[in-house]
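The values are calculated or read from the model by the stated rules, or taken from the named source; none is laboratory data. Quick caveat: nothing in here was measured; it's all calculated off a predicted structure. Neighbour counts run over all protein chains shown; Cβ positions are idealised from the backbone, glycine included. Protein only, heavy atoms only, side chains kept; ligands, DNA and RNA dropped before computing areas. Shrake-Rupley method; radii C 1.70, N 1.55, O 1.52, S 1.80 Å.
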Amino acid sequence: MIFANTGNPLKTTSRKQSYPMTPSSPSNSSNSSSTGLEQLSKTNLYIRGLPPATTDLDLVKLCHQYGKIQSAKAILDKTTNKCKGYGFVDFDSPAAALKAVHALKTSGIQAQMAK
């Protein structure tokens, strides 16, 4: 029985040694997801729910009233050359980007700060 008990704690110990690694992985991924929150852009918007005919120019027209735009990109499907339903607009200031997010959401357009 002593050998069985000694054998089991060794196995348990070796398992316990692997368990600390396992929880650290999820906590690392939760850290990275919280880090993801910290890594939100201050000027770049992610806009989704766009119609297939949306172009880069359409995004500029949609957002120019909120501030100076550095770039705008509707993401296109390679085979159809139509918008996949989302795009990005990068403003020159965080204030303009926040103003755009609030105004677009109020008007029913799905917008948020990009990661």
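Do you know which residues across region 70-100 are closer than 14 Å to residue 60 by Cα and touching a residue at least 40 places away in the same chain (Cβ under 8 Å)?
Within region 70-100, the first condition is being closer than 14 Å to residue 60 by Cα, and the residues that meet it are 70-75, 86-92, 96-97, 100.
Of everything in region 70-100, those that are closer than 14 Å to residue 60 by Cα and touching a residue at least 40 places away in the same chain (Cβ under 8 Å) turn out to be 86, 87, 88, 89, 90, 91, 92, 96, 97, 100.
Within region 80-115, can you find the residues that are at positive phi and open to solvent by 80 Å² or more (accessible area, probe 1.4 Å)?
81
Conditions first: (1) open to solvent by 80 Å² or more (accessible area, probe 1.4 Å); (2) modelled with pLDDT of 95 or more; (3) not in a loop (DSSP other than H, G, I, E, B). Residue 37 passes all but one, so which condition is the exception?
Every condition holds for residue 37 apart from (2).
Assuming residue 77 fulfils every condition listed in (1) over 20 Å from residue 109 (Cβ atoms); (2) open to solvent by 60 Å² or more (accessible area, probe 1.4 Å); (3) at pLDDT 95 or above apart from one, which condition is it?
Status for residue 77: all satisfied but (2).
Considering only residues that are hydrophobic (A, V, I, L, M, F, W, C) and open to solvent by 90 Å² or more (accessible area, probe 1.4 Å), which ones fall in region 48-71? Steps first, please.
Filtering region 48-71 for residues hydrophobic (A, V, I, L, M, F, W, C) gives 50, 53, 57, 59-60, 62-63, 69.
Matches in region 48-71: 57 only.
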